[in-house]
Amino acid sequence: MIEANTINNMDCLDGLAQMPDGCAKLIVADPPYFMGLTHNGQHGQFNDLAVAKPFYRQLAKQLRRILNDHGEFYIFMDWRGCAFYYPIFAEYLPVKNMIVWDKMSGPGNFYNSSHEFILYGCIDPQTKKHARNVWTERGFTSGSIQTDGEKIHPSQKPIALIQRIITDASVPGDLVVDPFAGSCTTAVACIRTGRRYVCFEVSETYAAAGQDRVDKLLAERQARNTKK
Ligand SMILES: C[S@@+](CC[C@H](N)C(=O)[O-])C[C@H]1O[C@@H](n2cnc3c(N)ncnc32)[C@H](O)[C@@H]1O
């Protein structure tokens, strides 16, 4: 049984299988970026991804199963990942749109990548979202610039971006699930906004670093409350 407000150092498929049907209002998933290729697409082969397909099919099925009747999902991917991820997720989940996240990075070689995609969908077709699908939020750069706290994971997302997703698609007390938690930005955003969370992270190092980040935040909040 997976408890709310926990960071679980395990494979997300094993963890999701232990969660009840319809328990989650929101899924924020940031899977590893396009396996088989380097950051500039020079190595690896598209066919290498065939081995990952059964995993993502199982994942999509589990995500659909744990979402409640008003559930919503946001799945990060870059331009290389879209061709692989979209057909798999769209087979099991009601995809509605693709959000473009403008990371505001500066110019660079081959037109520096300054956007990523976020696949969006909702179970209830009556779900209303009155907004554009282009979002601007400064991301972490490859240098030392920090957006919102320390960078402890190579693909760490800014807290403000995850907070935007959470406030758009859930209310305080709702359960948010992040199957690929990395540095646990989702947990941090949930604590800040009063949502419950379940995070899975397969790397022991990142699960521990994420737990540390959460513990520090909780300690800060506790200290502030005691002072009042
Ligand atoms: C793109 S990163 C997530 C970064 C995160 N959004 C953040 O802000 O730090 C993807 C993470 O998924 C983890 N991961 C990969 N396969 C996994 C699996 N099967 N189950 C759980 N975590 C996994 C990786 O170790 C990596 O830390």
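Tabulated results
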item: Cα-Cα over 26 Å, subset of LYS61/LYS96; LYS53/LYS96; LYS61/LYS128; LYS25/LYS157; LYS61/LYS151; result: LYS61/LYS151
item: Most positive-pole-ward Cα, PRO158, GLN211, THR127, against dipole of the range 6-227 from beta carbon charges; result: THR127
item: Trypsin sites (Lys or Arg not before Pro) within the range 84-178, DSSP loop, no more than 10 other Cβ atoms inside 10 Å; result: LYS128, ARG132
item: The chain - percent relative contact order, Cα under 8 Å, separation 6 or more; result: 26 percent
item: Gain in span if fully extended, LYS61 to LYS96, counting 0.36 nm per residue against the direct Cα distance; result: 10.9 nm
item: Footprinting exposure proxy for CYS122, CYS12, CYS190 (fewest neighbouring C-beta atoms within 10 Å first); result: CYS122, CYS12, CYS190
item: Within the range 106-228: Cβ-based charge dipole about Cα centre, in debye rounded to nearest 20 (Lys, Arg +1; Asp, Glu -1); result: 560 debye
item: The chain - Rg (one decimal) and Dmax (whole number), Cα, Å; result: 17.2, 58
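A short reminder: the numbers here are calculations on the coordinates, not readings from a lab. Please read these numbers as outputs of a predicted model, since none were measured by experiment. Note: ideal-geometry Cβ built from the backbone for every residue, glycine included; neighbour counts use all protein chains shown.
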